[in-house]
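Asker: Quick one: the structure is below, and I'll ask about it shortly.
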Amino acid sequence: MFNFGSKEPVIAKARIVIERSPAEIFRYLGDEFFENYPRWSPEVIELERITDGPLKLGTMARQVRIDQGRRTETKFTINVYEPGKRLGFAGIADPFCCIYELREINSGRSAELIFTFELSEIQMFMRPFEKLIRTVVQEGAERTVRNLKQLTETSKYAPASRNPPPH
């Protein structure tokens, strides 16, 4: 009689080729996470490191986001940290996780970035909007990889020009 939606997780996946080495991309994505995350995910309006030291497995953070006009505050932990390959984080009290995976291509001069976001549970009051939520989450994943491509390909890690300046 009432359609409250499924209890299936919402999973979005997007991929893109970036003309940078996996190490260069990971430096932007992982090593400089706290400086750069709000750049590739502009929905993040506040980001705070909770634990001290460099980003590593177990690092915890707090973020405030505005998605589709809705403000949320979550705490998350880095649960995957493989330099040059994978970075992931998961909500501490919220049912989400995401992973950024880099696959070397073109003899290491480029990489395929695969971004996966999973919302393991939709709150009961949001279930009637499940189809819309799935669409919005997929669009967000695609925007994330496009942003990362644009930002990393134009970052300070860009290799020097192949054409030397005239003398």
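The values are calculated or read from the model by the stated rules, or taken from the named source; none is laboratory data. Because the structure is a prediction, the values reported are computed rather than measured. Backbone-built Cβ (ideal geometry, glycine too); neighbour counts: all protein chains shown.
Asker: How about region 115-150: which of its residues are of a type outside the set (D, E, K, R), outside any helix (DSSP H, G or I) and surrounded by fewer than 17 Cβ atoms within 10 Å (Cβ to Cβ)?
Answerer: Once the filter is applied, which keeps residues that are of a type outside the set (D, E, K, R), outside any helix (DSSP H, G or I) and surrounded by fewer than 17 Cβ atoms within 10 Å (Cβ to Cβ), region 115-150 yields T116, S120, Q123.
Asker: Oh, and also: Here is a check on your reading of the model: is T51 of a type outside the set (A, V, I, L, M, F, W, C) and assigned to a strand (DSSP E or B)?
Answerer: no
Asker: Which residue pairs have Cβ atoms under 7 Å apart, sit 6 or more places apart or on different chains, and have a first residue in region 8-27 that is among the aromatic types (F, W, Y) and surrounded by fewer than 14 Cβ atoms within 10 Å (Cβ to Cβ) and a second that is assigned to a strand (DSSP E or B) and at pLDDT below 95?
Answerer: none
Asker: Working only within region 130-153, note down all residues that are at pLDDT 90 or above and out of contact with any Phe, Trp or Tyr (no Cβ under 8 Å at 6 or more places or on another chain).
Answerer: Matches in region 130-153: Q138, E139, E142, R143, R146, K149, Q150, E153.
Asker: Output the number of the condition that A93 fails; it satisfies all remaining conditions of (1) modelled with pLDDT under 95; (2) surrounded by 15 or more Cβ atoms within 10 Å (Cβ to Cβ).
Answerer: A93 satisfies all of (1) modelled with pLDDT under 95; (2) surrounded by 15 or more Cβ atoms within 10 Å (Cβ to Cβ) except (2).
Asker: Among the residues that make up region 80-93, is at least one of them small (G, A, S), closer than 22 Å to P54 by Cβ and in contact with a helix residue (DSSP H, G or I) (Cβ under 9 Å, 6 or more places away or on another chain)?
Answerer: Yes, region 80-93 contains a residue that is small (G, A, S), closer than 22 Å to P54 by Cβ and in contact with a helix residue (DSSP H, G or I) (Cβ under 9 Å, 6 or more places away or on another chain).
Asker: Also, I was wondering about something else. Across region 26-45, what is the number of residues that are closer than 17 Å to T74 by Cβ and acidic (D, E)?
Answerer: Result for region 26-45: 1.
Asker: Now a separate question. Exactly one of these conditions fails for G108: (1) in contact with a Leu (Cβ under 8 Å, 6 or more places away or on another chain); (2) closer than 17 Å to Y28 by Cα. Give me its number.
Answerer: It fails just one condition, (1).
Asker: Consider Y37 against the criteria (1) assigned to a helix (DSSP H, G or I); (2) out of contact with any strand residue (DSSP E or B) (no Cβ under 8 Å at 6 or more places or on another chain): it satisfies all of them except one. Which criterion is unmet?
Answerer: (2)
Asker: Continuing with this model, one more query. Can you pull out every residue in region 56-112 that is in contact (Cβ under 8 Å) with a residue 40 or more places away in the chain, farther than 28 Å from K7 by Cα, in contact with an Asp or Glu (Cβ under 9 Å, 6 or more places away or on another chain) and not charged (D, E, K, R)?
Answerer: Of everything in region 56-112, those that are in contact (Cβ under 8 Å) with a residue 40 or more places away in the chain, farther than 28 Å from K7 by Cα, in contact with an Asp or Glu (Cβ under 9 Å, 6 or more places away or on another chain) and not charged (D, E, K, R) turn out to be P83, G84, L102, I105, S110, A111.
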